[in-house]
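Peer 1: Provided herewith is a single structure, encoded as structure tokens, for subsequent inquiry.
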Amino acid sequence: MLYRLLCALLLVLPVPAAMSAGISISQSIDKTETAFEDVVHLEIRLSWPGPQSAYLFDQPLNPVFDGFKVTEFSSSVSSTGSGENEITAKTLRFTLAPRSSGMASIQPLTVSYVSWPDSIPGELVTEAMVVTIAERRPTARSESGDFFTLPRVLGGLGVMIVAALVVAVVVRRRKPPVIVKSAREVFLENLSRLRAECGNDLKKLQTGVYKHLTDYLAGEYQLDLANRTADEVAAALEDTNVSQAHREKIVGWLTRAEKEKYSPVTGAPGETVRLEAELREFFEKM
């Protein structure tokens with residue numbers, strides 16, 4: 001009885017798992033007892049004072065669910081207020097389907113982050129949670145002993161063969177869908193790959209940033225920017241519908257990249273993290 005009372009409280013109040021340097025984490029599930037045929041919704045919420053770029057989450061999550069399998073996962077980021085009163089929240093949502101009956105556990109989940117602009121790494125850890133999964137409902141069976149007669153078995157096999165042939169024909173004729181990504185989506189994917197490859201090498205990062213920015217502009221506005229300087233790119237953008245604020249921002253990054261990729265001076269510690277976060281925030285909000 002005491003265990004069920006404690007579990008019921010989890011349905012009402014989220015569990016604050018940890019807090020570190022202004023960023024906090026909490027968790028909640030919608031039920032602690034479920035039917036085998038039902039699902040459980042787990043929500044993990046990170047919140048901090050400041051803009052979305054204040055923290056970078058560059059490590060993959062490795063959740064462990066004993067007795068569950070993940071059928072759906074989503075994440076979202078939102079901000080309220082502005083300036084000193086801005087509050088940002090990042091929400092992770094898991095839909096869990098039972099794998100077996102009995103006691104299932106949700107193991108502690110570690111969320112790694114890097115703070116900006118000081119580039120200090122940190123971790124937040126949730127608490128373990130337990131869910132009781134009921135026995136699987138028995139499937140309905142025919143009470144007639146002569147259900148599996150020879151005519152019915154042969155008829156069923158015939159239907160299965162015809163269905164298999166129809167499926168084979170449809171699959172053969174169906175062409176795979178062509179997924180067309182926007183120039184902005186391609187840039188963000190290239191930026192993530194570039195950041196992982198460069199590490200703390202600012203020159204290498206700036207070389208890739210210059211290429212991917214000009215590729216983005218060429219694809220988005222149908223421009224020929226091969227082997228163009230930052231000044232030439234700025235002139236080409238004058239004839240497009242890019243707003244002046246966006247044009248100045250992008251040309252500023254190109255000019256900086258043009259200088260730093262040949263500069264003999266190395267960047268300050270954490271500069272690659274700050275630059276990648278600044279670019280990502282701009283293009284995600286575009």
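The values are calculated or read from the model by the stated rules, or taken from the named source; none is laboratory data. Predicted, not measured: the structure shown is a model, and the values here were computed from it. Quick reminder, even Gly has a Cβ in these numbers, built from the backbone with ideal geometry, and neighbours come from all protein chains shown.
Peer 1: Of all residues in the stretch 55-77, which are in a loop (DSSP other than H, G, I, E, B) and surrounded by 13 or more Cβ atoms within 10 Å (Cβ to Cβ)?
Peer 2: Phe57, Asp58, Gln59, Leu61, Pro63, Gly67
Peer 1: Are there any strands (runs of 3 or more DSSP E) wholly within the stretch 82-124 with 3 or more residues that are under 30 Å from Thr34 (Cα atoms) and over 16 Å from the mean Cα position of the chain (by Cα), and if so which?
Peer 2: The strands (runs of 3 or more DSSP E) meeting that bar are 87-98, 102-106.
Peer 1: I would also like to ask the following. Condition first: hydroxyl-bearing (Ser, Thr, Tyr) and part of a helix (DSSP H, G or I). Can you find one or more residues in the stretch 217-233 that meet it?
Peer 2: Yes; the residues of the stretch 217-233 include at least one that is hydroxyl-bearing (Ser, Thr, Tyr) and part of a helix (DSSP H, G or I).
Peer 1: From the set of residues in the stretch 240-281 that are crowded, with 16+ Cβ neighbours inside 10 Å and not in a helix (DSSP H, G or I), which is nearest to the chain's Cα centre (by Cα)?
Peer 2: Gly270
Peer 1: Got at least one residue in the stretch 22-39 being in contact with a strand residue (DSSP E or B) (Cβ under 8 Å, 6 or more places away or on another chain), modelled with pLDDT under 90 and not in a strand (DSSP E or B)?
Peer 2: yes
Peer 1: Continuing with the same structure: Out of the residues in the stretch 254-278 meeting the condition of being in contact with a helix residue (DSSP H, G or I) (Cβ under 6 Å, 6 or more places away or on another chain) and not small (Gly, Ala, Ser), tell me which one is modelled with the lowest pLDDT.
Peer 2: Per the stated criteria, the residue is Lys261.
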